[in-house]
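What follows is a short report on a single structure.
The values are calculated or read from the model by the stated rules, or taken from the named source; none is laboratory data. It should be emphasised that the depicted structure is a prediction, and the values quoted were computed from it without experimental measurement. Cβ atoms come from the backbone with ideal geometry, glycine included; neighbour counts cover every protein chain shown.
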Amino acid sequence: MFSERILCAGFGGQGVMVLGKLIACAAMLGGREVTWMPSYGPEMRGGTAYCSVVLADHPVGSPIVTTNATSLIVMNLPSLERFEQSVLPGGLVLVNSSLIDREVRRDDVLVQTLEANKIAAECGAPKAANMVMLGAYMAIREVIDQNHLKMAFRQIFGTMAMTSFELNMKAVRRGFESVDTVVVTRKAA
């Protein structure tokens, strides 16, 4: 049975809720059972923000991902500090190295780092670091496809999507292309 339990984490304003919502919607359009559960810190914009996303080929029993994530998409250092231990052994930790200046300390997870903020700026969309991370996630996990993502983007954002759609898709493609060809398990030094 397929089950993917994802934590998307960062600070308010980085688009982590949109990132999780797009993953959930695209997976649902692809026929998966899904849940999406947001959580905001008390400060909202600038405070801690994360969401849990569960994708499965069977009904989802609980939408909460706390200590059993199979993937962590982390946008800033406080979120890495908070959620690094939440990933199951063999899981994925996808790190925005533009804002995180330390390595993942676990030696039992897959790690992919990429300078999401830098890549987004190079795409002409400095606020699209979340879309860069989405593209990288899609390349590694292969649980959603680009056609379903495009449909999800339009479904979530409607007519507003047309103004930023191409820039966001460019950022997704660059994130997809930026993934190392082989993501290896971290080994203790």
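Within region 52-69, if we keep just the residues that are at pLDDT 95 or above and β-branched (V, I, T), the residue that is surrounded by the fewest Cβ atoms within 10 Å (Cβ to Cβ) turns out to be V54.
Check off (1) in a loop (DSSP other than H, G, I, E, B); (2) touching a Ser or Thr at 6+ places or on another chain (Cβ under 6 Å) for G10 and give me the number that stays unchecked. G10 satisfies every listed condition except (1).
Scanning region 48-75 for residues that are more than 12 Å from the chain's Cα centre (by Cα) and either without any contact (Cβ under 8 Å) to a residue 24 or more places away in the chain or in a loop (DSSP other than H, G, I, E, B) (or both) gives D57, H58, P59, V60, G61, S62, P63, I64, V65, T66, T67, N68.
On the stretch given as region 70-92, residues that are in contact with a strand residue (DSSP E or B) (Cβ under 7 Å, 6 or more places away or on another chain), surrounded by fewer than 24 Cβ atoms within 10 Å (Cβ to Cβ) and among the hydrophobic types (A, V, I, L, M, F, W, C) total 4.
I'd like to verify a number: residues in region 109-163 that are polar (S, T, N, Q), more than 18 Å from C51 (Cα to Cα) and in a helix (DSSP H, G or I), how many? Write out each step before concluding.
So in region 109-163, the residues polar (S, T, N, Q) come out as 112-113, 117, 130, 146-147, 155, 159, 163.
Filter again for more than 18 Å from C51 (Cα to Cα), leaving 112-113, 117, 146-147, 155, 159, 163.
Filter again for in a helix (DSSP H, G or I), leaving 117, 146-147, 155, 159, 163.
Within region 109-163, residues that are polar (S, T, N, Q), more than 18 Å from C51 (Cα to Cα) and in a helix (DSSP H, G or I) number 6.
Tell me, yes or no, whether region 81-104 has at least one residue that is touching an Asp or Glu at 6+ places or on another chain (Cβ under 8 Å) and over 20 Å from Y50 (Cα atoms). Reasoning before the result, please.
First, the residues of region 81-104 that are touching an Asp or Glu at 6+ places or on another chain (Cβ under 8 Å): 89-90, 93, 96-98, 104.
Still in the running and over 20 Å from Y50 (Cα atoms): 89-90.
Yes: region 81-104 contains one or more residues that are touching an Asp or Glu at 6+ places or on another chain (Cβ under 8 Å) and over 20 Å from Y50 (Cα atoms).
Against the test of being under 15 Å from the mean Cα position of the chain (by Cα) and farther than 24 Å from T35 by Cβ, the options A139, A128 yield a single qualifying residue, A128.
In region 101-118, what residues are under 15 Å from the mean Cα position of the chain (by Cα) and without any contact (Cβ under 8 Å) to a residue 40 or more places away in the chain? First the steps, then the outcome.
To start, the set of residues in region 101-118 that are under 15 Å from the mean Cα position of the chain (by Cα) comprises 110-117.
Within region 101-118, T113, E115, N117 qualify.
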